[in-house]
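The values are calculated or read from the model by the stated rules, or taken from the named source; none is laboratory data. Since we're looking at a predicted model, the values are computed, not measured. In this analysis, Cβ positions are derived from the backbone assuming ideal geometry, glycine residues included, and neighbour counts consider all displayed protein chains.
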Amino acid sequence: MAWNEWEQVKAEAAQRQSAQMQLNRADGGPGASGGAADLVVNQDDLGAVGHEAYLLRGRLSRDGGHARPATFDAAIALTNGSFTSGSELLKVHDRWNSQLRTLLDACARISDHLDYSKSVHAADDADIGGNLLSVSKISEYFK
């Protein structure tokens, strides 16, 4: 291959690479596809939702069982008095406790998952940034 053929092949490869390496950006900056972002994750938003789930779990665990002792006592008293509503009230009591535990668990999972997502996205951003930086350094040698 002659030197001028090599230069031509190199120039064609550079043109193809520049066309293929355009990144889509949500802000309309260079390389933007013109559309809005499909998914935007803001770490502050994740943290705020996770914090609210944590606070809700605290309030539920503190306030969710206020009526439980009185409901249980009433169910026992009604059952001992031969009222059929006593056993039904006990079912309501048990169902409330079951649903409260489920809700507490869900709040904890939401909070934990969002904390995890926040840290994973930060690590992914750092990894992607490092990869792009290394690609840009390599690209400098092909100019």
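Whether any residue in region 54-69 is modelled with pLDDT under 95, aliphatic (A, V, I, L, M) and surrounded by 13 or more Cβ atoms within 10 Å (Cβ to Cβ) is what I want to check. Yes, there is a match, as at least one residue in region 54-69 is modelled with pLDDT under 95, aliphatic (A, V, I, L, M) and surrounded by 13 or more Cβ atoms within 10 Å (Cβ to Cβ). What single numbered condition from (1) assigned to a loop (DSSP other than H, G, I, E, B); (2) over 30 Å from Gln99 (Cα atoms); (3) modelled with pLDDT of 80 or more fails to hold for Arg25? Failing condition for Arg25: (3). Across region 49-68, the number of residues qualifying as over 11 Å from the mean Cα position of the chain (by Cα) and closer than 15 Å to Arg109 by Cα comes to 10.
For region 87-101, the criterion of being under 30 Å from Asp45 (Cα atoms), part of a helix (DSSP H, G or I), of a type outside the set (S, T, N, Q) and free of Cβ contacts under 8 Å to residues at least 12 places away in the same chain is satisfied by at least one residue.
Close Cβ contacts (under 7 Å, 6 or more residues apart or on different chains) running from residues in region 51-73 that are more than 17 Å from Ser98 (Cβ to Cβ) and of a type outside the set (A, V, I, L, M, F, W, C) to residues that are assigned to a helix (DSSP H, G or I) and at pLDDT below 90 comprise Tyr54/Ser111.
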